[in-house]
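Report on the structure given below.
The values are calculated or read from the model by the stated rules, or taken from the named source; none is laboratory data. Just so it is clear, the structure is predicted and the values come from calculations on it, not from any experiment. A quick note on method: Cβ atoms are made from the backbone with ideal geometry, for glycine too, and the neighbour counts reach across all protein chains shown. Note: areas computed on protein heavy atoms with side chains; ligands, DNA, RNA excluded. Shrake-Rupley method; radii C 1.70, N 1.55, O 1.52, S 1.80 Å.
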Amino acid sequence: MTDADELGTRLRRLEDERDISRLIASYGPAVDAGDADAAARLWATDGSYDVEGWQMASRADVHAMVSSPSHQSLVANGCCHFIGPTVVTVTGDSAVAVCESLVLVRDGDGYRVWRAAANHFMLQRIDDRWQIAVRTSRVLDGNPGAHALLRAGLAGQRAPALDAGAT
Amino acid sequence: MTDADELGTRLRRLEDERDISRLIASYGPAVDAGDADAAARLWATDGSYDVEGWQMASRADVHAMVSSPSHQSLVANGCCHFIGPTVVTVTGDSAVAVCESLVLVRDGDGYRVWRAAANHFMLQRIDDRWQIAVRTSRVLDGNPGAHALLRAGLAGQRAPALDAGAT
Amino acid sequence: MTDADELGTRLRRLEDERDISRLIASYGPAVDAGDADAAARLWATDGSYDVEGWQMASRADVHAMVSSPSHQSLVANGCCHFIGPTVVTVTGDSAVAVCESLVLVRDGDGYRVWRAAANHFMLQRIDDRWQIAVRTSRVLDGNPGAHALLRAGLAGQRAPALDAGAT
């Protein structure tokens with residue numbers, strides 16, 4: 001006989017992982033639709049996003065990035081932020097996730113791959129909803145920061161401190 | 001103490017989402033193997049597939065598309081229909097799912113990305129099996145239809161009406 | 001009233017599928033970080049990996065491949081082994097999984113897609129942990145072996161015997 005409380009705990013773990021995978025999978029469709037509200041709400045109010053050392057320090061900053069003329073012109077030209085499958089490690093109300101991602105841009109009658117990156121996420125359950133506390137991305141161009149993000153993510157560990165200038 | 005009926009309901013939700021993600025993830029391998037039977041059975045008998053305004057109106061139409069000389073020559077040359085992670089919203093015996101996808105074709109000693117698209121799925125549980133009722137795809141080239149599909153999909157809403165000619 | 005034992009069985013199935021999807025999703029980040037330990041531990045001690053007829057016959061062989069100068073120079077230049085969503089079929093302590101994958105390499109100011117492949121996995125639960133027993137990959141260039149891997153994987157069947165020389 002299996003205990004219902006133990007089943008509930010295991011089920012909750014699967015639901016947490018589902019929620020986090022779903023949240024991260026939502027990022028690509030949100031930014032490729034140019035939907036700043038949908039993208040920003042994935043972050044905590046004070047959540048951060050560090051792309052190649054460029055720092056966004058809040059949900060409002062993510063909203064501003066998606067709303068910006070440079071992002072909106074990418075959307076108008078045709079872009080695809082393609083997210084890979086996520087490896088998630090949940091510990092209570094905190095979680096770490098890692099995935100790779102591609103950014104494709106329309107070019108002639110097809111698309112070219114502009115970026116291929118490592119992504120490390122630290123998430124928190126806030127107000128009963130998972131939210132991104134820290135996202136750190138580095139392009140896969142041989143820089144050790146990208147490798148450190150992947151290793152830490154697979155191990156379920158916090159993002160390593162990276163040089164702001166390290167791309 | 002957790003109630004077993006409530007656990008069963010939550011578990012069923014996860015199983016439904018798993019079934020739908022698995023169904024959509026099967027599409028790429030099925031069509032890249034040129035397997036018309038495997039691809040067609042993902043659709044309901046009267047399920048539809050609208051690609052850039054080109055209308056397939058039944059499971060038989062999907063079967064005919066995969067069997068067609070143009071698709072089979074794509075397979076013979078080497079192609080990859082690469083599906084992204086799916087965001088699924090289940091409501092009883094209906095569901096909405098959204099994902100992005102790439103189509104790559106062999107070109108010289110590598111592959112080029114021919115298409116990058118938004119995909120919106122409306123699914124129904126029929127005969128105790130999830131089946132695609134309506135799939136709508138639009139390429140990410142700046143057209144508002146693609147963005148509307150992504151937004152509706154993330155919100156778990158029905159596919160918007162799109163111009164047949166809108167690509 | 002739902003029986004707790006039946007719930008436990010269904011939950012275990014979802015956990016198994018989660019474990020296997022997570023294992024396969026870990027491959028890309030592990031090899032793109034050049035982390036031979038993380039990649040090798042996905043395989044059983046005597047697990048095999050057949051890429052285009054090139055045979056690795058053990059966990060140690062996979063470790064050696066990731067540690068090799070040719071793989072490490074790929075990592076130093078910038079590469080991305082991008083894994084698609086996995087279709088998993090569990091039968092007791094055995095499982096079959098199938099997915100497509102891309103390998104991208106840095107080229108100028110972007111990336112080019114070097115390979116697009118079909119991947120078939122046979123897994124075993126060993127020491128209470130899922131491990132890869134047999135992985136077989138063939139590039140999607142029209143060769144029938146790749147199609148046979150995809151069809152067998154979707155059907156939850158063992159990998160077909162392929163010519164060593166069939167690429």
- Taking B:Gly8 and the conditions (1) closer than 29 Å to C:Asn143 by Cβ; (2) facing another protein chain (nearest Cβ under 7 Å), which numbered condition does it fall short on, given that it satisfies the others? (1)
- Those residues that are open to solvent by less than 10 Å² (accessible area, probe 1.4 Å) and either under 17 Å from A:Trp54 (Cα atoms) or touching a helix residue (DSSP H, G or I) at 6+ places or on another chain (Cβ under 9 Å) (or both), I need them from the stretch A:106-129; list them, please. A:Ala116, A:Ala117, A:Ala118, A:Asn119, A:His120, A:Phe121, A:Leu123
- Message: Taking the condition of being closer than 14 Å to A:Val103 by Cβ, more than 14 Å from every other protein chain (Cβ to nearest Cβ) and touching a strand residue (DSSP E or B) at 6+ places or on another chain (Cβ under 9 Å), how many residues in the stretch A:59-92 meet it?
- Response: 1
- Message: If I ask for residues that are of a type in the set (Val, Ile, Thr) and touching a residue at least 40 places away in the same chain (Cβ under 8 Å), which ones from the stretch A:54-99 would you list?
- Response: A:Val75, A:Ile83, A:Thr86, A:Val87, A:Val88, A:Thr89, A:Val90, A:Thr91, A:Val96, A:Val98
- Do we have B:Gly156 as within 14 Å of chain A (Cβ to nearest Cβ), in a loop (DSSP other than H, G, I, E, B), in contact with a helix residue (DSSP H, G or I) (Cβ under 7 Å, 6 or more places away or on another chain) and surrounded by fewer than 17 Cβ atoms within 10 Å (Cβ to Cβ) here? no
- Query: Which condition number does B:Arg135 fail, the rest of (1) within 12 Å of chain A (Cβ to nearest Cβ); (2) charged (D, E, K, R); (3) open to solvent by less than 50 Å² (accessible area, probe 1.4 Å) being met?
  - Reply: (1)
- Item | Unmet requirement for B:Ala146, which otherwise passes all of (1) crowded, with 16+ Cβ neighbours inside 10 Å; (2) closer than 24 Å to B:Gln72 by Cβ | (2)
- Item | All positions within the stretch B:122-154 that are over 19 Å from B:Ser26 (Cα atoms) and without any contact (Cβ under 8 Å) to a residue 40 or more places away in the chain | B:Asp127, B:Asp141, B:Gly142, B:Asn143, B:Pro144, B:Gly145, B:Ala146, B:His147, B:Ala148, B:Arg151
- Pairs where the first residue, in the stretch A:102-121, is closer than 21 Å to C:Ile83 by Cβ and the second is open to solvent by 60 Å² or more (accessible area, probe 1.4 Å) and assigned to a strand (DSSP E or B), C-beta under 6 Å, 6+ apart: A:Val103/A:Trp114
- Task: Go through (1) within 11 Å of the chain's Cα centre (by Cα); (2) at the interface with chain B (Cβ under 9 Å from one of its Cβ atoms); (3) of a type outside the set (A, V, I, L, M) one by one and return the number of the condition C:Trp114 breaks.
- Result: (1)
- Message: Can you find, within the stretch A:11-24, the residue that is nearest to the other protein chains (Cβ to nearest Cβ) among those that are touching a residue at least 24 places away in the same chain (Cβ under 8 Å) and of a type in the set (D, E, K, R)?
- Response: A:Glu17
- Across the stretch B:78-100, what is the number of residues that are within 13 Å of A:Ala25 (Cβ to Cβ) and in contact with a Ser or Thr (Cβ under 9 Å, 6 or more places away or on another chain)? 9
- Does at least one position in the stretch B:43-58 carry a residue that is within 13 Å of chain C (Cβ to nearest Cβ) and under 30 Å from C:Leu104 (Cα atoms)? no
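Inspect all residues belonging to the stretch B:69-78 and state whether any of them is closer than 23 Å to C:Pro85 by Cβ and under 16 Å from the mean Cα position of the chain (by Cα).
So far as the stretch B:69-78 goes, no, none of its residues is closer than 23 Å to C:Pro85 by Cβ and under 16 Å from the mean Cα position of the chain (by Cα).
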